[in-house]
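The values are calculated or read from the model by the stated rules, or taken from the named source; none is laboratory data. Note that the structure is a prediction, hence the values are computed from the model and not measured. Cβ placement follows ideal geometry from the backbone for every residue including glycine, while neighbour counts extend to all protein chains displayed.
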Amino acid sequence: MKVLSAVSLALGMLWAIQAQADWSKPEGAQRVEVNGYPLTYLETGAGEPLVLVHGSLNDYRIWYAQVPEFAKKYRVITMSLRHYYPEKWEGKGDDFSVSQHAEDVAALIKQLGLGKVHLLGHSRGGAVVLMVAKSHPELIRSLVLEDASGMEGLLPDTPESRKMASETKELVGGLRRNLADGNVEKAAQEFTDGLGGPGTWAKRSPAQQQILLDNMGTGVDSGERGNITCADIAKFDFPVLTLTGERSPKRYAEAFAAAHRCNAAIPAPIVIPNAAHAMNRENPEPFNAAVLEFLAAH
């Protein structure tokens, strides 16, 4: 057993070294090995630690409207989850899952010696932080859920909930079909418009579009979002903030309502006006203000 462990460790280190050679570290970013993977992250500011976890087809760069403001009072950590930019991933391997990403986030928090953190997750990143909260509650000072997925199992079995589940499945399925056909930009456009409404992709700046295009390899995402139950939510004994966009898909507000039924301490979501799913970019001022007010109280 010791020999096998030594071999596994050596192979893991060799993979990590090779992986680091396969893509460069962006200027200003840092890198640390977590669970055998060279994870890229950015650290800004000082104070209580605040960790931001991005959603599908995004990476640490997506928080450009938050980091300057949040870092005035907090030690802000933004990371790119396993296989996202700057890695140029081809979708091969079995280590791309919400559970794996949650373990990576927990390992990063521990490795950096952050102690308890304010943990914010957007969309698929919301499912990731929910899994961290479930498996590692000792790491959570507070939890911020921005249109978080991962709570679909809390919804009652009704025609409306089945319709919402079907919409999600079709959105992910369309993304995978477009990628399989080599229609990368079409995949990005349809996925973005599906979350933000028709025309959302066209309104994105070239830099914002590039972030999605840089992460299209992660479009092989199976749609798995963890296994958060009502019993898990009921155990949360730390402050929770929920946010949704005025034009966000209704399934997110419905999931937050279901979470409230499981744990009455979880409040109704703050609705960010003039924004859809990407509210932190579409209308950052009220988003930032809501998050900062919550953090200041906890």
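Go through 47, 91 for me and flag whichever is among the small types (Gly, Ala, Ser) and either buried (at least 22 other Cβ atoms within 10 Å of the Cβ) or without any contact (Cβ under 8 Å) to a residue 60 or more places away in the chain (or both). Break it down into steps so the answer makes sense when it comes.
Values: 91 fails: either buried (at least 22 other Cβ atoms within 10 Å of the Cβ) or without any contact (Cβ under 8 Å) to a residue 60 or more places away in the chain (or both).
Within the list 47, 91, the selection yields 47.
Within the range 213-236, track down each residue that is touching a residue at least 60 places away in the same chain (Cβ under 8 Å) and assigned to a helix (DSSP H, G or I).
Result: 214, 216, 217, 218, 219, 220, 230, 232, 233.
Within the range 257-273, which residues are buried (at least 23 other Cβ atoms within 10 Å of the Cβ) and either of a type outside the set (Val, Ile, Thr) or out of contact with any helix residue (DSSP H, G or I) (no Cβ under 8 Å at 6 or more places or on another chain) (or both)?
Just the residues of the range 257-273 that are buried (at least 23 other Cβ atoms within 10 Å of the Cβ), to begin with: 259, 269, 272.
Scanning the range 257-273 gives 259, 269.
Looking only at residues in the range 141-160 that are aliphatic (A, V, I, L, M) and under 15 Å from residue 249 (Cβ atoms), which one is modelled with the lowest pLDDT? Write out each step before concluding.
Looking only at the range 141-160, we keep the residues that are aliphatic (A, V, I, L, M), and these are 143-145, 148, 151, 154-155.
Next, only the ones that are under 15 Å from residue 249 (Cβ atoms) stay: 145, 148, 151, 155.
Numbers: 145: 98, 148: 96, 151: 94, 155: 83.
It comes out as 155.
For the range 240-248, indicate whether the set of residues that are farther than 25 Å from residue 82 by Cα, assigned to a helix (DSSP H, G or I) and without any contact (Cβ under 8 Å) to a residue 60 or more places away in the chain is non-empty.
no
With respect to residue 290, is the statement that it is within 23 Å of residue 58 (Cα to Cα) and either surrounded by fewer than 16 Cβ atoms within 10 Å (Cβ to Cβ) or in contact with a His (Cβ under 9 Å, 6 or more places away or on another chain) (or both) true? Working first, answer last.
Details: within 23 Å of residue 58 (Cα to Cα): yes; either surrounded by fewer than 16 Cβ atoms within 10 Å (Cβ to Cβ) or in contact with a His (Cβ under 9 Å, 6 or more places away or on another chain) (or both): no.
So residue 290 does not fit the description; no.
Exactly one of these conditions fails for residue 102: (1) more than 20 Å from residue 138 (Cα to Cα); (2) buried (at least 19 other Cβ atoms within 10 Å of the Cβ). Give me its number.
(1)
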